[in-house]
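Enquirer: I am attaching a structure below and will ask some questions about it afterwards.
The values are calculated or read from the model by the stated rules, or taken from the named source; none is laboratory data. Because the structure is predicted, anything quoted here is derived from the model rather than measured. All Cβ positions, glycine included, derive from the backbone under ideal geometry; neighbour counts span all protein chains shown. Areas reflect the complete protein model, heavy atoms only, side chains present, ligands, DNA and RNA absent. Shrake-Rupley method; radii C 1.70, N 1.55, O 1.52, S 1.80 Å.
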Amino acid sequence: MKIRIINTEKIKEKYVKDAIQEYTKRLSAYCKVEYVEAKNPSKEITDKSYVIKIDKHGEQLSSEQLAEKVVEIGVSGNSHITIFLGEDDIEADYVLSISQMDIDINILLIIIYEQIYRAYRIINNAPYHK
Ligand SMILES: C[S@@+](CC[C@H](N)C(=O)[O-])C[C@H]1O[C@@H](n2cnc3c(N)ncnc32)[C@H](O)[C@@H]1O
């Protein structure tokens, strides 16, 4: 599985860059995660990819449900997931909300990485999520 995280905002904070680096390293055991900052996100989304838009008005999932979704996407033949963070009106296969509260982009990004990592730990029955 290849996961691309596309963010329309530029991240300046070192703690966020460190978190991205750390989770990318941890996730390398399970999948390839690529982080992209792009002003024109539609150019970055390939046809074959399953697109998840992160938006406050989307659906909320438990970590277990997110893990199931990742498995389903793989089974249905989509080996690419694009996770999109930004205000742009893009066409998405699924809209995911993290909470009803507004979350700062720095924190949001770290939550996304942590939940993807947690999903893979759940899929692989590893102890992290317990
Ligand atoms: C963090 S906002 C940044 C917008 C602006 N710079 C600000 O701080 O008001 C960028 C994206 O995060 C999304 N977002 C904010 N809170 C969210 C939440 N609880 N769940 C999912 N997405 C969220 C918004 O829908 C938006 O697409």
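Enquirer: Is the C-alpha gyration tensor of the stretch 63-130 telling us rounded, prolate or oblate? Criteria: a/c under 1.5 is rounded; beyond that, a/b larger than b/c is prolate, otherwise oblate. Mind dumping the intermediate values first?
Expert: Working: a/c = 2.34, a/b = 1.22, b/c = 1.91.
Taking the square roots of the gyration eigenvalues as a ≥ b ≥ c, the stretch 63-130 is oblate.
Enquirer: Same structure, new question: Give the calculated FRET efficiency between K32 and S62 to the nearest 0.05, with a Förster radius of 25 Å applied to their Cβ-Cβ distance.
Expert: 0.50
Enquirer: Between D89 and V71, what is the label-point separation in nm under the 7 Å Cα-to-beta-carbon projection?
Expert: Each label point is offset 7 Å from its Cα along the Cβ direction, giving 3.7 nm.
Enquirer: Then there is this: Put a dot 7 Å past each Cα toward the Cβ at Y128 and M101; how far apart are the dots in nm?
Expert: Taking the simple label geometry, M101 and Y128 are separated by 2.3 nm.
Enquirer: DSSP loop GluC sites (Glu not before Pro) in the stretch 34-102 with at most 11 other Cβ atoms within 10 Å of their Cβ, which ones?
Expert: E87, E91
Enquirer: Using each residue's phi in the stretch 109-118, evaluate 6.51 cos²θ - 1.76 cosθ + 1.60 at θ = phi - 60° and report the 3J(HN,Hα) Karplus result to the nearest Hz, with x for Gly and Pro.
Expert: 4, 5, 4, 4, 4, 5, 6, 5, 4, 4
Enquirer: Equivalent-ellipsoid semi-axes (√(5λ), Cα gyration tensor) for the chain, whole Å, largest first?
Expert: They are 20, 18, 15 Å, listed largest first.
Enquirer: Another question about this same structure. Which length gain, in nm to one decimal place, applies between K48 and K10 when the Cα-Cα distance is subtracted from 0.36 nm times their residue separation?
Expert: 11.1 nm
Enquirer: Taking a probe of 1.4 Å, how large is the accessible area per residue of the chain, in Å²?
Expert: Value for the chain: 59 Å² per residue.
Enquirer: Scan around D55 for amide H atoms under 5 Å from its own, H built in the peptide plane at 1.01 Å from N, and keep only partners 5 or more places away or cross-chain.
Expert: L96, S97, I98
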